[in-house]
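Presented below is the structure to which this report refers.
Values quoted throughout were computed directly from the atomic coordinates according to the rules given, and no laboratory measurement underlies them. Note that the structure is a prediction, hence the values are computed from the model and not measured. As a convention, Cβ positions derive from the backbone with ideal geometry for all residues, glycine included, and neighbour counts pool all protein chains shown.
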Amino acid sequence: MKLAFQLAYRNLIGAGLRTWLNVGVLSFAFVLIILYNGILDGWNQQARTDTIAWEYGQGQLRSGEYDPYDPFTVLDGHGVLPESKQEGLIPILLRQGTIYPGGRMLSVMLKGIDVDQTILNIPTAQLKTSNANIPVILGKRMAESAHLKEGDEVLMRWRDKNGTYDASAITVAGIFDCNVPTVDGGQIWMGIDKLWEITQLQGSATLFVASTDEPLSEEGWEYLSQENLLQDLADMIEMKKYSSSIMYGLLLLIALLAIFDTQVLSIFRRQKEIGTYIALGMTRAKVVVLFTIEGTMYSILATIVGSLYGIPLFMYLTKTGMGMPEASQDMGFAVAERIYPMYSVGLVLSTVLLVVISATIVSFLPARKIAKMDPVDALKGKMQ
């Protein structure tokens, strides 16, 4: 086996430019696979962390009549939970409304929340310090779409519990920066006491955010654990990984085809050498192993070369992050302005195994022909 590796190494180095072209393409595929999966893993972790911190907490207790995917359930999707059952929970009441910034009409979701809450990152303390009649806080994207800034007043219209329309001016008490679209885009946050007052829905809540992961059970309410709430996000990331695997799979295929072609040509050009090996007592199986090892060494060299420029790149991106295009902020789930990739040992090892095993297989396929060669014809250079 040691001799096989020595011969394989000598033949690879002797091939010169052809070897390094194959190694270069394969190393690029190797680095790209790790890079892209690292970005997606970092994206997933960032999205999970932000969504938990800004919206889900450790779980939610929702009104059985409320469906977040059906806006028509907002009107009646609320209820009153006994105060004795509200320990460790913060109530949030959702109502639909309309604002009229600069003469435009903009539909919004009104969200009332306890101004003293500390479970979510929403800066509700700004609502307590405002002297306005109806102080509200907005996310940055909401403020930009409505062309509002801190201190601005705008007319807002809503419906009370009887369906009667009412309107009043609201004051922007603060603007916060958030990556979660369901907290920012199209949302207006106010103190729940004030929302109870203007809608006459005293004590009602659409959902409660939990501070612990202890399951809750109450008739008319549905408890959703943190993992259940994050399942849609996990499914979206997995779908993104699957669709992206097609891209770098094609790149890996191109690199493997180059190795396959190189091995076929190598066997054709080195028939006399193969015949000599067999004539000197080397079995056909050992010669097949020799050529398979040559192909495998392409992948080993590719991982070494890829590491030389991949590791500095990964370290740089892990430290500085990757800026995301502005359009990605409208994808429907949490996307930060900068994503910090995550590279696990499992990701690197699985990619190394993928590259090495794939290269070994495509090297073995043409090498099988050696087992059918007649050593006399091989010495004469006759192709069978």
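What is the Cα centroid distance between segment 133-208 and segment 283-304, reported in whole angstrom? Computed from Cα coordinates, the inter-centre distance equals 67 Å. For segment 75-124, what class follows from the C-alpha gyration tensor (a ≥ b ≥ c being the square roots of its eigenvalues): rounded when a/c is under 1.5, otherwise prolate if a/b is larger than b/c, else oblate? Oblate is the answer for segment 75-124, as a/c is 1.5 or above yet b/c matches or exceeds a/b. Each of ALA258, GLN187, SER204 was placed along the dipole of segment 178-273 (beta-carbon charges, centred on the mean Cα), and the one lying farthest toward the positive end is ALA258. Take 247-257, 86-96 and order them by the average number of nearby Cβ atoms within 10 Å per residue, most first; the result is 86-96, 247-257. What you get for segment 90-206, charging only the Cβ of Lys and Arg (+1) and of Asp and Glu (-1), is a dipole of about 280 debye around the Cα centre.
In the chain, helical runs assigned H by DSSP with n ≥ 4 each contribute -39500 (n - 2.57); averaged across all residues and rounded to the nearest 500, the mean residue ellipticity at 222 nm is -16000 deg cm²/dmol. Listed cross-link partners LYS85/LYS128; LYS111/LYS140; LYS128/LYS194; LYS272/LYS369; LYS85/LYS194 are compared with a 20 Å cut-off, the Cα-Cα value being larger for LYS85/LYS128; LYS85/LYS194. Size of segment 90-206 from its Cα atoms: along the principal axes, largest to smallest, the extents are 35, 32, 27 Å. Note on segment 136-278: with charges restricted to the Cβ of Lys and Arg (+1) and Asp and Glu (-1), its dipole about the Cα centre is near 1140 debye.
Fully extending the segment from THR98 to GLN45 would add 15.6 nm, taking 0.36 nm per residue of separation and subtracting the current Cα-Cα distance. Treating r as the C-beta distance of LYS140 and ALA285 and R0 as 56 Å, the FRET efficiency rounds to 0.25.
Taken over the Cα atoms of the chain, the convex hull encloses 184 Å³ per residue.
Close amide H pairs (under 5 Å, H built 1.01 Å from N) link MET156 with SER168, ALA169, ILE170, residues at least 5 positions away or on another chain. Rounded to the nearest 20, the size of the Cβ-charge dipole of the chain about its Cα centre is 3400 debye, with Lys and Arg at +1 and Asp and Glu at -1.
Once backbone amide H atoms are built at 1.01 Å from N, ASP114 has ILE192 as its partners under 5 Å, excluding neighbours fewer than 5 places away on the same chain. The angle between the Cα long axis of helix 231-269 and the longest principal axis of the Cα atoms of the chain comes to about 10 degrees, rounded to the nearest 10. For segment 103-118, putting each phi into the Karplus relation 6.51 cos²θ - 1.76 cosθ + 1.60 with θ = phi - 60° gives couplings of x, 8, 10, 9, 6, 9, 9, 7, 10, x, 9, 4, 5, 9, 5, 10 Hz, in residue order, rounded to whole numbers and with x for Gly and Pro.
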